[in-house]
Amino acid sequence: MALSLILPCLLYAAIVVSAGDRLFPCYKIPPGREHRAALAIRDDVIPFFKWGTLLFTKRHLRKFYGASWYFTQARRGDGEAEFVAALTEALEHYPAVDLYLLAHTNKYITWVEPLPETLRRRLRFVYNTGCHNKGQGEDWLALGADAYIGHPGESQSPFFYFFLLRHWLHGATLAEAMETGNRGMETKFRQVERFSGGRYDAGQALRESVASCQGNDGLRLEDLP
Amino acid sequence: MIRNYGRFLLAPAALFFQVVPALFLYFVPGLVYAAGHTVVETRAWTGSITGLACLALAGLVLASTASYRLLTHSRAVIAWPMILFFCVPSWLLSVFYLHAVLIFLAWV
C-alpha cells in the first residue's frame, strides 16, 4: 500500500522539479490587491493555444488583481471597442493597471494612444509576447507605462511567460521575474535541443526570444506608479 | 476467469485510460473556440479545470490500485515489470495533469 502511494508522490516531485517549480511553495498575495487591475488579450490562434492561455492566465489575474479582464480575439483586429472600454474603466478606477498582450507581432499600442494622458499615466507594466515587439518599449513608456518587457525576434515567449507571470505575481521585482523567465526558458530550450539530437538550435532560439525590460525594472506587484 | 486475472488487466487498463485525457485535450479547445466562441470563457475555464482534475485523479487512483493489487496478489518478478511498464507511465501522465491543474488554479 505504502509503495503504491509513495511512487506517485515521487513522480510528482520529479514533474515539479523538471517544470522548474519549487517542491514546497509558500506564496502570499502581495498587499494592495484592491489598487491594481489587469487586462490580458490573446490573439486569434489555433483553439489549443487560446485554451491553454486562458487556463493559465485567467485565474492568476483574478487572484492577484482587484479587477481583471481577459479577451480572446476571434479574428485579427476584433475586440477593440470592448478592450478599450475595459481599459478605460480600469484606468478610471485603479491607480495601477498592467497589460498582458499575449499575441503575435501586434500593435495594440494604437488602441491605447487615443486615451487621455491623465488615464494613460496609470498604466504600470506592459508585457508583450509579440515577435519583434521589443522596439515598442519606448513608445509604451512615452504613453505613460512605467515598465515594458518585450522580445527581440521570432520569440518562443510561452516558455518565458510561464515563469514571468508566476514569479512577478508572487512578489518578485520585474528584473528578478525576467531573469527567472529567461533562465527557465533557456533550460527548456536546452532540453529540447538534447531531445532533438541537436536539430533544434537552442542558442538561436534564445537570441531571438530573450526578454528585456525597459523602464523601472525594480517594480513589484504591490508598488503604485 | 476475469476475476482471477483482474489484477493483471487493471494495470494495462490504467495505462489505456490515459487515452481519455488525451482526447479531452484534443477535443475541448475545439469545442470552446472553433467556429466562434460557443462556450462562455468563464464556464470553459471552470469546466476544463474540473474535467482535467477529475481525469488526473482517476488516472492516479487507477494506477495506484493496479500497483497495489499487483504487489499484494502477484509474485514480485511479475508485479514490478508490470508496474514499470503500465503504472509508471500512467502515474507520470496523471501527476503531470495534476500539476497543470494546480498551476492553473494559481495554487503553486
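The values are calculated or read from the model by the stated rules, or taken from the named source; none is laboratory data. Small disclaimer: the values here were computed from a predicted structure and weren't measured. Don't worry about glycine lacking a Cβ; one is built from the backbone with ideal geometry, like all the others, and counts go over all protein chains shown.
For B:L93, which of the numbered conditions (1) surrounded by 14 or more Cβ atoms within 10 Å (Cβ to Cβ); (2) over 18 Å from A:L10 (Cα atoms); (3) not aromatic (F, W, Y) fails to hold?
Answer for B:L93: the failing condition is (2).
Could you tell me whether B:S64 is facing chain A (nearest Cβ under 7 Å) and of a type in the set (S, T, N, Q)?
Yes.
Working carefully through the options A:C26, A:C9, find the one that is farther than 30 Å from B:L62 by Cβ and exposed (fewer than 15 other Cβ atoms within 10 Å of the Cβ).
Checking each option against the conditions leaves just A:C26.
How about segment B:28-87: which of its residues are over 18 Å from B:Y5 (Cβ atoms), of a type in the set (S, T, N, Q) and surrounded by fewer than 17 Cβ atoms within 10 Å (Cβ to Cβ)?
Within segment B:28-87, B:T38, B:T42, B:T46, B:T50 meet the criteria.
Residue-wise test of (1) modelled with pLDDT of 95 or more; (2) assigned to a helix (DSSP H, G or I); (3) over 23 Å from A:K58 (Cα atoms).
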{"site": "B:V32", "(1), (2), (3)": "no, yes, no"}
{"site": "B:G59", "(1), (2), (3)": "yes, yes, yes"}
{"site": "B:R69", "(1), (2), (3)": "no, yes, yes"}
{"site": "B:F86", "(1), (2), (3)": "yes, yes, yes"}
{"site": "B:L93", "(1), (2), (3)": "yes, yes, yes"}
{"site": "B:A106", "(1), (2), (3)": "no, no, no"}
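Out of everything in segment A:1-41 that is modelled with pLDDT of 90 or more and part of a loop (DSSP other than H, G, I, E, B), what residue ends up being nearest to the other protein chains (Cβ to nearest Cβ)?
Selected residue: A:I29.
A quick yes/no check of all residues on (1) within 11 Å of chain A (Cβ to nearest Cβ); (2) in contact with a strand residue (DSSP E or B) (Cβ under 9 Å, 6 or more places away or on another chain):
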| residue | (1), (2) |
| --- | --- |
| B:A14 | no, no |
| B:F17 | no, no |
| B:F27 | yes, no |
| B:Y33 | yes, yes |
| B:R43 | no, no |
| B:T50 | no, no |
| B:L55 | no, no |
| B:G59 | yes, no |
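Looking at this structure, is A:P158 more than 27 Å from A:P25 (Cβ to Cβ) and not in a strand (DSSP E or B)?
So A:P158 fails the test.
Which residue pairs have Cβ atoms closer than 8 Å, lie 6 or more positions apart in sequence or on different chains, and pair a first residue in segment A:104-117 that is without any contact (Cβ under 8 Å) to a residue 40 or more places away in the chain with a second residue that is part of a loop (DSSP other than H, G, I, E, B) and surrounded by 12 or more Cβ atoms within 10 Å (Cβ to Cβ)?
That search, which allows pairs on different chains as well, returns A:T105/A:G130; A:T105/A:C131; A:T105/A:H132; A:T105/A:N133; A:E117/A:G144.
Just the residues that are in a helix (DSSP H, G or I), of a type in the set (S, T, Y) and within 11 Å of chain B (Cβ to nearest Cβ), please, taken from segment A:42-90.
A:T53, A:T57
For (1) loosely packed, with under 15 Cβ neighbours inside 10 Å; (2) polar (S, T, N, Q); (3) within 12 Å of the chain's Cα centre (by Cα); (4) assigned to a helix (DSSP H, G or I), each residue gets a yes or a no:
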| position | (1), (2), (3), (4) |
| --- | --- |
| A:A172 | no, no, no, no |
| A:E176 | no, no, no, yes |
| A:G184 | no, no, no, yes |
| A:E193 | no, no, no, yes |
| A:R199 | yes, no, no, no |
| A:Q204 | yes, yes, no, yes |
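Please find, among A:L39, A:L23, A:L3, A:L7, the residue that is touching a Ser or Thr at 6+ places or on another chain (Cβ under 9 Å), of a type in the set (A, V, I, L, M, F, W, C) and closer than 30 Å to A:E186 by Cβ.
After applying the criteria, what remains is A:L39.
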